[in-house]
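Below is one structure, written out as structure tokens; comments come after it.
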There are 2 protein chains.
Amino acid sequence: MLNDMKPIHVNVAVIGAGTAGMGAYRAARAHTDSVLLIEGDVYGTTCARVGCMPSKLLIAAAEAAHQARHTEAFGVQVKDITIDGAAVMARVQRERNRFVGFVLETVEAIPPCDRLKAKVSFQDANTLVTEHGQLIHAQRVVIATGSIPMLPPVLKGLSAHLLTNESVFDLPTLPTSLAVFGPGILGMELAQAMSRLGVKVKVFGVGGGIAGIRDPAIRDYANKVLNEEFYLDASAQVKSVKEWAGGVEVHYLHRDGAWQTEPFEYVLAAAGRTPNLAGLVLENTGLQLNERGVPVFDRFTQQCGSSAIFIAGDASNDIPLLHEAADQGRIAGENAGRYPDIQPGLRRTPLAVVFTDPQIASVGFNLKQLNQQFKDRFAEGLVSFEDQGRSRVMLRNKGILKVYGEHGSGLFLGAEMFGPAAEHTGHLLAWAAQQRMTVSGMLEMPFYHPVIEEGLRTALRDLNHKLRIGPPVIERCMDCGPGA
Amino acid sequence: MLNDMKPIHVNVAVIGAGTAGMGAYRAARAHTDSVLLIEGDVYGTTCARVGCMPSKLLIAAAEAAHQARHTEAFGVQVKDITIDGAAVMARVQRERNRFVGFVLETVEAIPPCDRLKAKVSFQDANTLVTEHGQLIHAQRVVIATGSIPMLPPVLKGLSAHLLTNESVFDLPTLPTSLAVFGPGILGMELAQAMSRLGVKVKVFGVGGGIAGIRDPAIRDYANKVLNEEFYLDASAQVKSVKEWAGGVEVHYLHRDGAWQTEPFEYVLAAAGRTPNLAGLVLENTGLQLNERGVPVFDRFTQQCGSSAIFIAGDASNDIPLLHEAADQGRIAGENAGRYPDIQPGLRRTPLAVVFTDPQIASVGFNLKQLNQQFKDRFAEGLVSFEDQGRSRVMLRNKGILKVYGEHGSGLFLGAEMFGPAAEHTGHLLAWAAQQRMTVSGMLEMPFYHPVIEEGLRTALRDLNHKLRIGPPVIERCMDCGPGA
């Protein structure tokens, strides 16, 4: 590692060695040998350490417990289900550490002379300074500093019993009870998983949002279904959260109308994450910053204004998803590497998945965007999975799917789903959207039988009828097989 | 119903009221009011009565038992798992009857004057005669008589303890033991489901085939994995199967090399199905028949030669899958309805799924076809799911996927998979193939993280490298996220 105090001169400095930063480093390195990857914290990506991977591991355990509890209807009797909280967390941590290990291997494979472990800030647009005063002169800079959890005001001041996604996966065992603040993506995934693992869970939200769902009908449906498992109030009134030796006490207005005080072992702050830019002193760059303090940038080149500074990943506050961070990182790195030859990179059709059960998927234009950009010229098709054949066979027959299409062109525009196997249907739909398929064209594709995708077909037929392109949906149409 | 003995004159007669026949009836009815739907057996499709639906119901129960048995690794302890065989079969039958009920409702919705319940045979190409001697003069005929189970020679003569797919789902409870003859699609689905439901299962096959898998590497892998659950010899030597009061005795050469005699409560004949054409006396039509007695027909129009006879569904011996039967039925019905204006119909990219665990999916050109039609100009990409991130998170990390592409064009040609969620990946790939996507184009589509589809991406990258279009696959490439 570079750690003498002589100034460093590089073509490209990448600040942050997470998903976006490592991608940017690799892409820039294809254009120049002079790239420095700077990390101010521990190595290992948000995804591997405190995001996608540990949450999916916890969800896998929850799914196992949930499935074991619901075998009776199939003629399979299971008694005596015990959740070993320490064993659950041990697997989460062991496997998480393995994934983090892969990241660390990748970091280790980067030549030490290309790496610097230091917190840095901008002295000017081409000069960084480390916490120890070392100067880095960089012709181009990629900002890829990621994000940090936001703390809702009501949780300020809590300490030992306050968890975030950065600490929850390190618990030695499952808590007995958990108050989750923020029914966003992470909040809902963790709340449901904890609940299924026997933790008493209550979820408190502000503003009514649930896991990023845009369509009110789907959000209401999800709210109803999730409330069958645990208390979820997406528009909660919480007066105070007080900490004591054994946990916290939440003073809130119960949805039944009465104020009450309820103890929990822990509170989980899951009110989202915010770009981690505070320490960079971006004011010194001369860049134009938006109202959240994020440099204004072009999302196809990742360039900040017309500067030689690029931004990528969660730091950009664009779409905080791993595959988007990877794309942004690569684009930023390529443009930083071949600067001043700036080229737009591939941005894919939006696809977001929430790994609750049922799962949530959002594809392409969401309802808010449609109402802005396609006002009066889009239609929606709908299917319920409650009577969908294969879903019912597996007793996973909960959920709805909406698909959106454009009048006139018949183009498929987007979809939102709360239903079984939404992660897979989400891919099918995102690929269709990115290829600019029409709804009619999608209906010409194969649908096997009996599969959950047949529910999608019903929704597409409904959409094509609403677009005045196809005939009405025939209920229990036998050309789709029984129970399609 | 028509049941007087005066001759009937119709524009279109459809023989068989299964999936293909009902589709043909409906399509023909759009062109002419004079259509007669003839059924010689019970109403209700093969799919609903004895095929897709009851098998998926049994598999759902088996999956529930299997999942409950494998929670320990997640930190969830389950003791005392009991399979209530009567309850398992009761749900299978209750839900199956519900699906059959939908079919019967559809039949009931057809005007009685358009229906005839009778076995018929051809007197000449335009004349049918019922078992009671009633004549039906039909300007056009659609043959949609479906298929019947084939009985392997070694099982000839068995009676009370011989099951086929037509009887197995009516058992009042699960058998204690089952010898399955035929490791085809139905055989493997039922063998694994029965085994997971506590039935002692052994599977005997001829010729080495397993569930229609074409790629030897995938077949070998499946053979190994499935043998970890139950005895499967796809190239078995069975000398005799003798029936006695309590079951059967199978005398066979065990794979360990010793001949042995083993008792089973039942034997299941699962050696495939054959077109149900014997009673039609097709010789009287003057049609050219192939070596299996099936009329030679055009698979895009379903027309038999240049006649006014069309054939659809399992009777055609083309692709015995519900969605293919539905397409064939619709095409046959449309062409019979508007005869002599014959038009080709939409045939979709081949997609077959086997609902074992791991599942099997085949898409587009299979390896046999590739070796014939794309010899020396295709390459294959491979991924193993054993180390695939999300699959491992869920402990579903078994399986391999091969994808095939064309040198020069870079077109995606087909795929075969034995692995997790293959039914969903199968759809994604079949849609890609039908749209003639290139492998590079597929790699531009979104892949979420962490998902099983990331395994597909690895295989596609490998394929593109083998096609000399893309770079080598980077192991644990971090631009895909940890454990992609």
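The values are calculated or read from the model by the stated rules, or taken from the named source; none is laboratory data. Keep in mind that what you see is a predicted model, and the values were worked out from it rather than measured. Please note: Cβ atoms are built from the backbone with ideal geometry, for glycine as well, and neighbour counts cover all protein chains shown.
Highlighted here are the helices (runs of 4 or more DSSP H) found entirely within the range A:38-111 that include at least 2 residues which are under 30 Å from A:V393 (Cα atoms): A:52-69. Taking the range A:37-67 as the range and being touching a helix residue (DSSP H, G or I) at 6+ places or on another chain (Cβ under 9 Å), surrounded by fewer than 24 Cβ atoms within 10 Å (Cβ to Cβ) and more than 23 Å from B:V451 (Cα to Cα) as the test, the residues that pass are A:E39, A:G40, A:V42, A:Y43.
Residues to consider are B:E262, B:E189, B:E243; find the one that is out of contact with any Asp or Glu (no Cβ under 9 Å at 6 or more places or on another chain) and not small (G, A, S). After ruling out the rest, the residue left standing is B:E189.
B:N335 passes every criterion in (1) under 29 Å from B:G18 (Cα atoms); (2) in contact with an Asp or Glu (Cβ under 9 Å, 6 or more places away or on another chain); (3) in contact (Cβ under 8 Å) with a residue 60 or more places away in the chain apart from (3). Applying the condition of being without any contact (Cβ under 8 Å) to a residue 12 or more places away in the chain, under 24 Å from B:N276 (Cβ atoms) and not charged (D, E, K, R) to the range B:75-124 and asking which residue is farthest from the other protein chains (Cβ to nearest Cβ) yields B:N97. If only residues of the range B:328-349 that are in contact with a strand residue (DSSP E or B) (Cβ under 9 Å, 6 or more places away or on another chain) and among the polar types (S, T, N, Q) are counted, the one that is nearest to the other protein chains (Cβ to nearest Cβ) is B:T349. For the range A:16-41, filtered to residues that are under 28 Å from A:I185 (Cβ atoms) and not small (G, A, S), the residue that is farthest from the other protein chains (Cβ to nearest Cβ) is A:D41.
No other residue among B:V203, B:V241, B:V250, B:V180 is closer than 27 Å to B:G419 by Cα, out of contact with any Pro (no Cβ under 7 Å at 6 or more places or on another chain) and more than 14 Å from chain A (Cβ to nearest Cβ) apart from B:V180.
One residue stands out among those in the range A:307-327 that are within 14 Å of chain B (Cβ to nearest Cβ), under 18 Å from A:V141 (Cβ atoms) and of a type outside the set (D, E): the one that is surrounded by the most Cβ atoms within 10 Å (Cβ to Cβ), which is A:G313. Is it the case that A:F310 is in contact (Cβ under 8 Å) with a residue 24 or more places away in the chain and under 22 Å from the mean Cα position of the chain (by Cα)? No: the conditions fail for A:F310.
Could you say whether any residue in the range A:458-480 is assigned to a loop (DSSP other than H, G, I, E, B), at the interface with chain B (Cβ under 9 Å from one of its Cβ atoms) and at positive phi? Checking the range A:458-480: at least one residue is assigned to a loop (DSSP other than H, G, I, E, B), at the interface with chain B (Cβ under 9 Å from one of its Cβ atoms) and at positive phi.
Here A:G157 qualifies as surrounded by fewer than 17 Cβ atoms within 10 Å (Cβ to Cβ), on the phi > 0 side of the Ramachandran plot and small (G, A, S). Helices (runs of 4 or more DSSP H) fully within the range B:350-457 that include at least 1 residues being within 11 Å of chain A (Cβ to nearest Cβ) and not acidic (D, E): B:389-393, B:422-434, B:439-443. With respect to the conditions (1) under 24 Å from A:D314 (Cα atoms); (2) part of a loop (DSSP other than H, G, I, E, B), A:L158 lacks only one, and its number is (1). For A:D256, the conditions (1) at pLDDT 95 or above; (2) more than 14 Å from chain B (Cβ to nearest Cβ) are fulfilled apart from (1). Determine whether the range A:388-398 contains at least one residue that is surrounded by fewer than 24 Cβ atoms within 10 Å (Cβ to Cβ), in contact with a strand residue (DSSP E or B) (Cβ under 6 Å, 6 or more places away or on another chain) and touching a residue at least 12 places away in the same chain (Cβ under 8 Å). No. Against the condition aliphatic (A, V, I, L, M), closer than 29 Å to B:Q328 by Cα and in contact with a strand residue (DSSP E or B) (Cβ under 8 Å, 6 or more places away or on another chain), how does A:M417 come out, does it pass? In short, no. Set side by side, the residues B:R96, B:R91, B:R69 differ, and just one is more than 27 Å from the chain's Cα centre (by Cα), modelled with pLDDT of 95 or more, outside the structural domain of B:R196 (by TED's automatic domain parsing) and under 21 Å from B:L178 (Cβ atoms), which is B:R69.
Consider A:V129 carefully, then state whether it is modelled with pLDDT of 95 or more, at the interface with chain B (Cβ under 9 Å from one of its Cβ atoms) and not in a helix (DSSP H, G or I).
Against the criterion (modelled with pLDDT of 95 or more, at the interface with chain B (Cβ under 9 Å from one of its Cβ atoms) and not in a helix (DSSP H, G or I)), A:V129 does not qualify.
A:Q123 meets the stated requirement of being at pLDDT 95 or above, not hydrophobic (A, V, I, L, M, F, W, C) and not in a helix (DSSP H, G or I).
Scanning the range B:42-74 for residues that are within 24 Å of B:A269 (Cα to Cα) and at the interface with another protein chain (Cβ under 7 Å from one of its Cβ atoms) returns B:T45, B:C47, B:A48, B:C52, B:M53, B:K56, B:L57, B:A60, B:A61.
So that you can scan it fast, the table gives a plain yes or no per residue for (1) at pLDDT below 95; (2) assigned by TED's automatic domain parsing to the domain that holds A:G212; (3) more than 28 Å from the chain's Cα centre (by Cα); (4) not aromatic (F, W, Y):
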position	(1), (2), (3), (4)
A:F230	no, yes, no, no
A:Q260	no, yes, yes, yes
A:N290	no, no, no, yes
A:A326	no, no, no, yes
A:G329	no, no, no, yes
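The set of residues from the range B:28-61 being within 18 Å of B:T145 (Cα to Cα) and over 24 Å from the mean Cα position of the chain (by Cα) comprises B:A28, B:V35, B:L36, B:L37, B:I38. Applying the set (1) crowded, with 20+ Cβ neighbours inside 10 Å; (2) on the phi > 0 side of the Ramachandran plot to B:W431 leaves exactly one unmet item: (2).
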